[in-house]
1. Any chance you could count how many residues in region 29-70 are part of a helix (DSSP H, G or I) and among the charged types (D, E, K, R)?
2. Answer yes or no: is there a residue in region 116-138 that is of a type outside the set (Asp, Glu) and under 21 Å from Arg46 (Cα atoms).
3. Quick one: how many residues across region 105-147 are outside any helix (DSSP H, G or I) and closer than 15 Å to Gly159 by Cα?
4. May I ask you to list the residues in region 116-147 that are modelled with pLDDT of 85 or more and in contact with a Leu (Cβ under 8 Å, 6 or more places away or on another chain)?
5. Which residue pairs have Cβ atoms under 8 Å apart, sit 6 or more places apart or on different chains, and have a first residue in region 116-134 that is under 12 Å from Leu98 (Cα atoms) and a second that is among the aromatic types (Phe, Trp, Tyr) and buried (at least 16 other Cβ atoms within 10 Å of the Cβ)?
6. For the condition surrounded by 13 or more Cβ atoms within 10 Å (Cβ to Cβ), at pLDDT 90 or above and in a helix (DSSP H, G or I), what is the one hit in Val13, Val26?
7. Could you list, in sequence order, the residues of region 144-162 that are under 17 Å from Asp57 (Cβ atoms) and not basic (Lys, Arg)?
Amino acid sequence: MELAMILVQLWKVWEIRMLLLLSILVQLFLFFTGGIRRRSSNHLLRFLIWMAYLAADMIAFYALGQISRLGNDIHEIDPSTGTESLAFFWAPFLLLHLGGQDTITAFSSEDNNLWLRHLVNLLVEVSLTIYVFWKAVGHSNQLLIPALFVFIAGIIKYGERIWALKYGSKSDLNSTSTQYENDELPPLSVAKERYRDIACYALHTA
């Protein structure tokens, strides 16, 4: 019976480790490839970036849920190393991963309209992380303060992503454009045809 409990705990710890490693790999992939998705005509690369973009949130969300399910086992001894488990320390890092990469805040313009869903996700993830911290209080006090700093950084990072998505959404862009529809355009220093070419090039490479 005791062996079975050790095996179950060992499986939970290794599952969370694999999820954390997978989340880090996905974030690295998005960091290096997110900025080239619009300039690349490689359909396979764009498909992989799209899959990674969708999987990044799901992996981090699921991993944080698994950590919160550990309950009182969050601070138990890791059977594989014989040291105290640091599962609670991984929770704020996953919140930081949910903030995404600056190179790819949204894969397409339609993703910006989902900023409310990300706001709800932020509230849920913050609640789960606070629950994990609460379970870890009284244990691993040396790492609790650094984990709190990462937790705050994660909230700021995810908040920046939601803010960017909101201001890139269709409704917000429409409300912004109506403020200037009656204003006069600034004088052009180039011919209208040249100005149009520059604008088209800028939109194509944005």
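The values are calculated or read from the model by the stated rules, or taken from the named source; none is laboratory data. Since this is a predicted model, take the numbers as computed values, not measurements. No Cβ is skipped: glycine too gets one built from the backbone with ideal geometry, and neighbour counts run over all protein chains shown.
1. Matching residues across region 29-70 total 3.
2. no
3. 2
4. Selection gives His118, Asn121, Leu122, Glu125, Val126, Leu128, Thr129.
5. His118/Tyr158; Asn121/Phe61; Leu122/Tyr158; Glu125/Phe61; Glu125/Tyr158
6. After applying the criteria, what remains is Val26.
7. Answer for region 144-162, where residues must be under 17 Å from Asp57 (Cβ atoms) and not basic (Lys, Arg): Gly154, Ile155, Tyr158, Gly159, Glu160, Ile162.
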